[in-house]
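Undergrad: Below are the structure tokens for one structure; questions will follow.
The values are calculated or read from the model by the stated rules, or taken from the named source; none is laboratory data. As the structure is a prediction and not an experimental result, all values here were calculated from the model. Note that each Cβ is placed from the backbone with ideal geometry, even for glycine, and that neighbours are counted across all protein chains shown.
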């Protein structure tokens, strides 16, 4: 009872000093507390990306089923997925304890992918050329996917199995760099497309199929335990 009364009589200055002491102890141990709200929002965003991926799959199926109205919706979905992925990359920086360069790479990739969608929606390019631009954008975005998962594998930010899956996913998106050669040589039609232009489109296996799965698993992991403290060594 006396101890409880003593705690109630502490002044604001004493309480502040005690709180600062706890923060100092946390820093001394090398632990960086992850804000629960930030982690929870990142988890929900990762799961939302899975939803966008399913939307893109559905719209492209309906488009090829003879409903062309879903073509523009698919283009919008591809751009939205890239932008949301870059947003997730930026939010995960504090969680990974990583440098801002990784986030900048993701933003660049998302911007290129969005330009590809804008080209076909505006009629400035046909679907094949615009698609090559989007493939290139996702290849750049794949640089963040590989880097972030390699970082997670080293630090234990998320399970090793998930990190390896992410590295494989990002590596497949690198096939999109073949679009650089196709664009440089003015390839403009699938009918006359050389093999490397078709290889660029194969990177869709990475970002169109595997990436939504990775996002779902990451989101489930982040939301499973929204309060964590972990060592965050310099990038």
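Undergrad: Here is a list: 118, 104. Which entry is touching a helix residue (DSSP H, G or I) at 6+ places or on another chain (Cβ under 8 Å), within 30 Å of residue 42 (Cβ to Cβ), modelled with pLDDT of 90 or more and assigned to a helix (DSSP H, G or I)?
TA: Within the list 118, 104, the selection yields 118.
Undergrad: Go through (1) over 14 Å from residue 88 (Cβ atoms); (2) crowded, with 21+ Cβ neighbours inside 10 Å; (3) in contact with a strand residue (DSSP E or B) (Cβ under 9 Å, 6 or more places away or on another chain) for residue 155 and report which single condition fails.
TA: Among (1) over 14 Å from residue 88 (Cβ atoms); (2) crowded, with 21+ Cβ neighbours inside 10 Å; (3) in contact with a strand residue (DSSP E or B) (Cβ under 9 Å, 6 or more places away or on another chain), the lone unmet condition for residue 155 is (2).
Undergrad: Looking for whichever is modelled with pLDDT under 95, more than 15 Å from the chain's Cα centre (by Cα) and within 21 Å of residue 47 (Cα to Cα) here; the options are 156, 66. Which one fits?
TA: 156
Undergrad: Can you tell me which residue among 149, 126 is crowded, with 21+ Cβ neighbours inside 10 Å and either over 20 Å from residue 180 (Cβ atoms) or touching a helix residue (DSSP H, G or I) at 6+ places or on another chain (Cβ under 9 Å) (or both)?
TA: Going through 149, 126 in turn, the sole match is 149.
Conditions (1) in contact (Cβ under 8 Å) with a residue 60 or more places away in the chain; (2) surrounded by 21 or more Cβ atoms within 10 Å (Cβ to Cβ), marked per residue:
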residue: 118; (1), (2): no, no
residue: 122; (1), (2): no, no
residue: 174; (1), (2): no, no
residue: 188; (1), (2): yes, no
residue: 192; (1), (2): no, no
residue: 202; (1), (2): no, no
residue: 207; (1), (2): yes, yes
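Undergrad: Got a sec? Which of 21, 43 is surrounded by 11 or more Cβ atoms within 10 Å (Cβ to Cβ) and modelled with pLDDT under 95?
TA: Answer to the check: 43.
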